[in-house]
2 protein chains.
Amino acid sequence: MAQYSAQLDGLFDALADPTRRGVIRRLGRGPASVGDLAGEFPMTLPSFLKHVRALESAGIIRTSKTGRVRTCVLNRERLALAEDWLAEQRRIWEERTDRLEQFVAGTEEDQS
Amino acid sequence: MAQYSAQLDGLFDALADPTRRGVIRRLGRGPASVGDLAGEFPMTLPSFLKHVRALESAGIIRTSKTGRVRTCVLNRERLALAEDWLAEQRRIWEERTDRLEQFVAGTEEDQS
DNA sequence: CGGATAGTTAGCGCAAGGGCTAACTATTGA
DNA sequence: TCAATAGTTAGCCCTTGCGCTAACTATCCG
C-alpha cells in the first residue's frame with residue numbers, strides 16, 4: 001500500500017508537466033522515436049531526454065533501442081492507475097452526497 | 001489553452017503527494033478543519049498548512065475561516081478536470097487501436 | 001483580564017526539478 | 001573509411017518543494 005502510494009506519486013508527478021503530457025498525447029497515436037518526439041518541443045535533446053526518462057521510470061512509457069534509434073511506446077495500464085484513483089475518490093464523494101440526500105429527504109418527511 | 005495546461009500542471013502536481021491525496025480522500029467524506037485534518041498526518045502544523053495552500057491554489061479545495069477555525073471543503077469540479085484529461089487520452093488511444101484492428105482485419109481478408 | 005486554542009508568518013536547510021552547454025559513444029550509409 | 005546522425009552523459013545554474021523551529025495574531029472561554 002505504501003508502494004502503491006509511491007507509484008501514484010511518480011505517476012501524478014510525471015503528469016504535472018506540459019511536455020510530458022504532450023508526449024503521452026502523441027504516443028496515444030502510436031510509437032515514436034526520441035528524436036521525432038523531441039522535434040515537437042522547444043528545448044534541447046538532453047533536456048527532453050530527461051522527460052522521457054521521467055515518463056519511463058513512472059512506468060507510463062516503455063522504450064527500446066534498435067540500432068541508434070530509441071523507440072517509445074505508451075503503457076496504458078499505468079495511466080489507468082491514475083484513472084482508478086480518481087474514480088475511487090469520486091465513489092467516496094458520491095456515497096456521501098447520496099447519504100446527504102437521503103438525510104434531507106428524511107428531514108422533509110418529518111416536517112410533513 | 002495555455003491556461004488550461006497550466007491548470008493541469010497545478011492539478012497533477014497537487015495530486016503528486018501522499019499527504020495531499022490523503023486530504024482529498026478525507027474531504028470526500030465531508031468538510032473538516034485544518035487542525036482536524038492535520039491530526040492525521042505526521043508533520044507539524046506549518047508544514048501541513050503548506051499542503052492545504054497547495055490544494056487550495058490548485059482549486060481542489062476551498063477554505064473559509066469563521067472565528068479562529070478554517071474549514072476545508074472539496075471542490076469536485078476541479079478533480080473532474082484531471083479525470084477529463086485522462087479520459088481524452090484514453091479516447092485517443094482507443095481510436096488508434098480500433099483503426100489498428102480494422103487494418104489487421106483487412107489484411108486477413110486479403111490473404112484469404 | 002488572561003490563559004488556552006487555532007492558525008499563521010518568517011526564515012532556514014537541503015534535495016530535487018528542469019533548463020542549458022560541452023563532449024562523448026554508437027550506428028549508419030556514401 | 002569517415003562524416004553525419006541519434007542518443008547519451010556529466011556537470012552547471014537557478015528555482016521550487018517540503019520539512020523544521022520560533023515567534024506572532026486572533027479568537028474563545030473561565
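The values are calculated or read from the model by the stated rules, or taken from the named source; none is laboratory data. On a predicted model such as this, the values are computed, not experimentally measured, just so you know. Reconstructed Cβ throughout: ideal geometry from the backbone, glycine too, with neighbour counts over all protein chains shown.
Quick one: in region A:24-39, of everything that is away from chain B (no Cβ under 11 Å) and touching a helix residue (DSSP H, G or I) at 6+ places or on another chain (Cβ under 7 Å), which residue is surrounded by the most Cβ atoms within 10 Å (Cβ to Cβ)? Break it down stepwise before answering.
Filtering region A:24-39 for residues away from chain B (no Cβ under 11 Å) gives A:32-39.
Those left that are additionally touching a helix residue (DSSP H, G or I) at 6+ places or on another chain (Cβ under 7 Å): A:32, A:34, A:37-38.
Numbers: A:32: 18, A:34: 18, A:37: 23, A:38: 20.
Applying the filter and picking the extreme gives A:37.
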* Structure fact -> Of the residues in region B:65-81 that are surrounded by 13 or more Cβ atoms within 10 Å (Cβ to Cβ) and β-branched (Val, Ile, Thr), the one that is nearest to the chain's Cα centre (by Cα) is B:73
* Structure fact -> Here the residues within region B:24-59 that are more than 13 Å from DNA strand C (Cβ to nearest atom) and in contact with a strand residue (DSSP E or B) (Cβ under 7 Å, 6 or more places away or on another chain) are B:24, B:26, B:27, B:28
* Asked: Somewhere in region A:25-42, is a residue within 9 Å of DNA strand D (Cβ to nearest atom), modelled with pLDDT of 95 or more, within 18 Å of residue B:8 (Cα to Cα) and part of a helix (DSSP H, G or I)?
  -> no
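Per-residue answers, yes or no, for (1) within 14 Å of another protein chain (Cβ to nearest Cβ); (2) modelled with pLDDT under 95; (3) assigned to a helix (DSSP H, G or I):
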position	(1), (2), (3)
A:46	no, no, yes
A:51	yes, no, yes
A:82	yes, no, yes
A:88	yes, no, yes
A:96	yes, yes, yes
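In this structure, is residue A:6 in a helix (DSSP H, G or I) and over 17 Å from residue A:75 (Cα atoms)?
Working: in a helix (DSSP H, G or I): yes; over 17 Å from residue A:75 (Cα atoms): yes.
Yes.
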